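Below: the structure, in structure tokens.
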Amino acid sequence: MKVLVASALLLVGSCATVRHSEKIDNLKESISYDQPEIVTKYLNTIDPDELKAHVEEIASDKYKGRLTGEEGHNEVCEYIRDYYKNQGLVPPQSHPNYFQKVPKEVLPDDLKDSQNVIAMIKGSEYPNEYVYFTAHSDHEGVQDGVIYPGADDNGSGTAALFEIAEAFKLAVLDGYIPKRSIVFLHVTAEEAGLHGSRYYANNPVFPLDDAVATLNVDMIGRVDERHKENEDYLYVIGADRISSELHYIIQEANDNFSNLSLDYKYNSEKDHNRYYYRSDHYNFATHGVPVVFFFNGEHEDYTKPTDTADKINYPLLAKRTQLIFATAWYLANSENRLTKEII
């Protein structure tokens, strides 16, 4: 009798496994790029030299380390806003100056009023569905008279969003308007505790029920110790927590356009670093929005004044940015909206 029961349980388990694997296979087969040559055309406009120019500007001493609420950070927010204006991206109607004020009342006591910067490309078919990019604009400021430039953290992510915005805008000018709206959100006070993104999530300009996904880009310009022998990698964190489809879309984008080694080490619930909870995507995830955090890992200059623009690997930054662009292209242009389902 015990043998029969054990055999029956084995059979049930086996059938369950087959059903699960079939679901995954079906999901993977459903994900494909229409006209991948068009995606390639615009991702190839993401240029290492342009990324370098952006990072060098953002990490320059004139912004004095971009401490939230201080003059240098306010000036870099104006630089971010002006970039989007010049590219022809529009602000939300409710925030015509591109700024969402983040009042000092919601920030730590030692910080002043600040702002998130918001620019967008309006979708052609589903304008009230939104694909978000997030990157934090602030850094550590000046400590003991020394400027912390934050070239990787997060000059690299800010520059990536600039190049992605330019690529989408070039596509728009050629008639390839995304079906869904794309929002570029540069949040403040990340270093002080994710306050800018928390404020946005609690006071969204667009309803978060209409958010398709949030792609968070925070430190993607360097190589960590774990990958010194293979620099073509990127950590992918959180993509499978709310939507299995998002996880496989990123893989499909990578297979088609980037061929990076996608590292899921820090996606483990058991990872003691808990990066999933430590960057701005998390405040969207708490509202049920599918998220992903793209990250290069910590390195010897992390949160130090030696995190300078000359140490960024710009060809690698471009390749990683191209993957993120291709992921967003799919999310913005697929026939069906991303599903919130875990398989």
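Computed from the coordinates by the stated procedures, all read-outs in this text should not be read as laboratory data. What you are looking at is a predicted structure, and each value in this text was computed from that prediction instead of being measured. With ideal geometry, Cβ positions are generated from the backbone for all residues, glycine too; neighbour counts draw on all protein chains shown.
Consider segment 277-302 and keep the residues that are more than 19 Å from Leu185 (Cβ to Cβ) and either of a type in the set (A, V, I, L, M, F, W, C) or touching a Phe, Trp or Tyr at 6+ places or on another chain (Cβ under 9 Å) (or both). The one that is surrounded by the fewest Cβ atoms within 10 Å (Cβ to Cβ) is Gly297. Are any residues in segment 81-102 without any contact (Cβ under 8 Å) to a residue 60 or more places away in the chain and surrounded by fewer than 16 Cβ atoms within 10 Å (Cβ to Cβ), and if so, which ones? Matches in segment 81-102: Asp82, Lys85, Asn86, Val90, Gln93, Pro96, Asn97, Lys101. Checking the structure you have, find out if any residue of segment 203-210 is crowded, with 24+ Cβ neighbours inside 10 Å and in contact with a strand residue (DSSP E or B) (Cβ under 9 Å, 6 or more places away or on another chain). No, every residue in segment 203-210 fails to be crowded, with 24+ Cβ neighbours inside 10 Å and in contact with a strand residue (DSSP E or B) (Cβ under 9 Å, 6 or more places away or on another chain). Every condition in (1) under 25 Å from Lys169 (Cα atoms); (2) among the basic types (Lys, Arg); (3) out of contact with any strand residue (DSSP E or B) (no Cβ under 6 Å at 6 or more places or on another chain) holds for Lys122 except the one numbered (3).
Looking at segment 75-161, the strands (runs of 3 or more DSSP E) lying wholly inside it that each contain 3 or more residues that are more than 21 Å from Ala189 (Cβ to Cβ) and over 19 Å from the mean Cα position of the chain (by Cα) sit at 126-136.
Residue by residue, here is whether (1) surrounded by 24 or more Cβ atoms within 10 Å (Cβ to Cβ); (2) under 18 Å from Ala285 (Cβ atoms); (3) in contact with a Lys or Arg (Cβ under 7 Å, 6 or more places away or on another chain) holds:
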| site | (1), (2), (3) |
| --- | --- |
| Gly150 | yes, no, yes |
| Asp153 | yes, no, no |
| Gly157 | yes, yes, no |
| Ala160 | yes, no, no |
| Lys169 | no, no, no |
| Asp174 | no, no, no |
| Ser181 | no, no, yes |
| Val187 | yes, yes, no |
| Gly193 | no, yes, no |
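Which residues, taken from segment 167-184, are part of a helix (DSSP H, G or I) and more than 16 Å from the chain's Cα centre (by Cα)?
Lys169, Leu170, Ala171, Val172, Leu173
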